[in-house]
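The values are calculated or read from the model by the stated rules, or taken from the named source; none is laboratory data. Please read all numbers here as calculations on a predicted model, not as lab measurements. Reconstructed Cβ throughout: ideal geometry from the backbone, glycine too, with neighbour counts over all protein chains shown.
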Amino acid sequence: MGWMRYRKSQELWGVAKNVTIRESCGKWFIAVQMEREVERPLHESTPMVGLDWGVLRFCTLSDGEYQEQCQPLKKCLPKLAKWQRHMARKKKFHATERK
């Protein structure tokens with residue numbers, strides 16, 4: 001292939017791990033994969049809390065506080081049973097039911 005000119009569009013930081021050269025529509029492209037050490041960014045606020053969405057508990061915070069599941073069906077079960085009994089006695093498409 002030989003020597004080629006290139007335009008340096010970005011600064012290269014670190015150690016080159018992988019270099020890919022490809023040709024597309026008569027133009028050549030170079031992709032360089034770099035490896036470098038990066039400092040872990042710190043958030044400005046110090047009182048951070050982690051949150052875990054669970055199955056048994058709705059959510060658990062990293063400080064041990066948790067919220068139970070909100071179960072609207074459990075509150076409405078008596079009313080649901082009443083309406084199911086009411087509907088069980090009805091006949092489907094009956095003339096007296098078309099009010």
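General remarks:
- A count restricted to the stretch 20-54 and to residues that are surrounded by fewer than 10 Cβ atoms within 10 Å (Cβ to Cβ) and modelled with pLDDT of 80 or more stands at 13.
- Exclusive hit being under 34 Å from the mean Cα position of the chain (by Cα) and of a type in the set (D, E, K, R), set R89, R85, R57: R57
- Hey, R98 among the charged types (D, E, K, R), over 25 Å from the mean Cα position of the chain (by Cα) and modelled with pLDDT of 85 or more or not: no
- Subset of the stretch 55-89 (residues that are in a loop (DSSP other than H, G, I, E, B), at pLDDT 80 or above and surrounded by 10 or more Cβ atoms within 10 Å (Cβ to Cβ)): F58
- Of all the numbered requirements in (1) modelled with pLDDT of 80 or more; (2) over 30 Å from R5 (Cβ atoms); (3) touching an Asp or Glu at 6+ places or on another chain (Cβ under 7 Å); (4) of a type outside the set (G, A, S), K17 misses one, and that requirement is (2).
- Pairs are defined by a Cβ separation below 8 Å, a sequence spacing of at least 6 or placement on different chains, a first member in the stretch 1-29 that is over 30 Å from E39 (Cα atoms), and a second member that is of a type in the set (D, E); the pairs so defined are F29/E23.
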